[in-house]
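Readers should treat all values here as calculations from the given coordinates under stated rules, not as data from a laboratory. The structure presented is a predicted model; accordingly, all values stated were derived computationally and were not measured. Here the Cβ positions follow ideal geometry from the backbone for every residue, glycine too, while neighbour counts run over all protein chains shown.
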Amino acid sequence: MPYEIDRPLYIGSRPLGMGNAYVAVADDAEAGFWNPAGLIQKQGVKVFFSGKLLDREENVLDSKCVAFCYRDTALFWGNKIAFRLKNNDIQDYNYYSLAQKLNSHIAIGVSAKFKRRHPSDYYQFFGYKRDYDFGLLIKSDPYSSFGLLVQKLDDQKHWINAVTFGLSYRLSERILSVYDIVILSNDDLSLETHLGWEYSIKNWLMLRIGLSNKKPTTGIGIKINGIQLDYAIIDRLSFLSAQVKL
C-alpha cells in the first residue's frame, strides 16, 4: 500500500480529501511529510494526529507530528507507522525537518527520514536506515503557488526516486484547486497524477473532492477555536485527522 513507504500519501485527511495533491499547499502541521518548505507558512506551534478508521484488525496507519515556526524558520518532528497485524509487518519512520524562508516569495526545506527497527527494546530516535526529502515552495501571488518535492525513498538504489511537481490556484475566495504530478524512478519510470478541490462553505466548514492516481476521494473539514478536524474517504478506507494550534 502507498502508506507503507516513506511517501506522504494518505497522511492527513485534508490532503487525502483533495486527491493527495498537497505539495503546493502544505500549510498545515503535516507539511513536514508533504513539503517541508511549507512549514514556514503558519507561525506558532501545531500538534497533529491522524489515523485510519475501521478495518484496524487487518492493518493500521497512524501518524503524528509537532510543527513549530518562528519568523522565517520552522522545525518539525513527525512519525508515521503502518503495520499489518496478520504477519506483524511494521513500517515505522521518524521525520526531522527544517524550513527556511528566503524572501517573501520563496522557501526551502529538508526532511531527514529514519526507518525504525521492530522489535526494539529502546526508543529509536534515528533508526537504522536514512533517507531524505528536499522541498521548494514558491508563492508568486496570493492566488497561486508552486511546490517541488524531491525524495530518496527507502529500499531504493537511486539517489532520487520520486519528484513531485505541485500547483495550487485559488479560483475564487472560497474555491482552491490543486494539482500534483509525480515522477517515480525505480527500475522503470512511472507517472502519477493527483488533483483536487476544496470548497469553503463557511470559514469553519470545508468540502473536498479529488482523484488520487485515478482513485476518487472525498472529505470534509471543520475548524473551531484553533482545533481542526478532517475526515476523508478513499477506496473504501476512511481516515480521521486532528490538529491543534497551541
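Observations, loosely collected:
- The convex hull built on the alpha-carbon positions of the chain has an orientation-averaged projected area of 13.0 nm².
- Peptide ranges 92-99, 201-208 listed from the most packed, as the mean C-beta count within 10 angstrom indicates: 92-99, 201-208
- Top positive-direction residue, dipole computed over region 159-220 with Cβ charges, set I160, L189, G219: G219
- Placing +1 on the Cβ of every Lys and Arg and -1 on the Cβ of every Asp and Glu, with nothing else charged, gives region 2-245 a dipole about its Cα centre of roughly 520 debye.
- Only alpha carbons enter this Debye calculation for region 145-203, each as an equal point scatterer, and the log10 of I(q)/I(0) it gives at q = 0.15, 0.28, 0.30 Å⁻¹ is -0.55, -1.09, -1.16.
- Quotient of C-alpha Rg and 2.2 N^0.38 Å, computed over region 85-171: 1.40
- Kirkwood Rh and Cα Rg combined as Rg over Rh, evaluated for region 1-61: 0.99
- Which of Y95, Q151, L205, positive extreme of dipole for the chain (C-beta unit charges): L205
- Cα centroid separation, region 130-200 to region 89-121 (Å): 16
- Residue with peak Gaussian network fluctuation, the chain [Cα springs, cutoff 10 Å], from D235, D27, D188: D188
- Principal axes of region 100-146: Cα extent on each, largest first, Å: 50, 17, 15
- Over all other residues within a Cβ to Cβ distance under 14 Å of I224, the charged ones net out to +2, with Lys and Arg as +1 and Asp and Glu as -1.
- Amide H partners (placed H, <5 Å) of K129, local residues excluded: K115
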